[in-house]
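In what follows, a single structure is set out as structure tokens and then discussed.
The values are calculated or read from the model by the stated rules, or taken from the named source; none is laboratory data. In this text, all values refer to a predicted model and were calculated from it rather than measured experimentally. Cβ placement follows ideal geometry from the backbone for every residue including glycine, while neighbour counts extend to all protein chains displayed.
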Amino acid sequence: MPNKKSAEKELRKSVKRAAKNSQIKKVMKESIKNSLKKVQAIDKTVKEELPKLMKNIDKAAKTGVIKKAAAARKKSRLTKKINTLK
């Protein structure tokens, strides 16, 4: 338990930020997982969902949930897998 008023406020802020970050990360991970399942099932509808997937990854990188390079790596690998579908 914080002793000072400013420490209490910082605690409230950090709890809010952690909740928001975990939500963004969860959305990103779920969209990646769903698209990989569709790639395994050779479902061609995954190509239409690619922009939304990229948006989720970019949002996570923009807010600092994941690093910029990690986002680029994830996007590259996913695009590569999705492009194998003909």
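If you go through segment 1-25 and keep only what is closer than 30 Å to Lys74 by Cβ and among the aliphatic types (A, V, I, L, M), you end up with Val15, Ala18, Ala19, Ile24. Taking first residues from segment 64-80 that are at negative phi and partners that are part of a loop (DSSP other than H, G, I, E, B), the Cβ contacts under 9 Å between residues at least 6 apart in sequence or on separate chains come to Lys74/Ile66. Among the residues of segment 53-86, the ones that are of a type in the set (D, E, K, R), at pLDDT below 95 and surrounded by 11 or more Cβ atoms within 10 Å (Cβ to Cβ) come to 1 in all. Kindly indicate whether Ile32 is surrounded by 11 or more Cβ atoms within 10 Å (Cβ to Cβ), assigned to a helix (DSSP H, G or I) and touching a residue at least 40 places away in the same chain (Cβ under 8 Å). Yes; evaluated as a whole, the condition is true for this residue.
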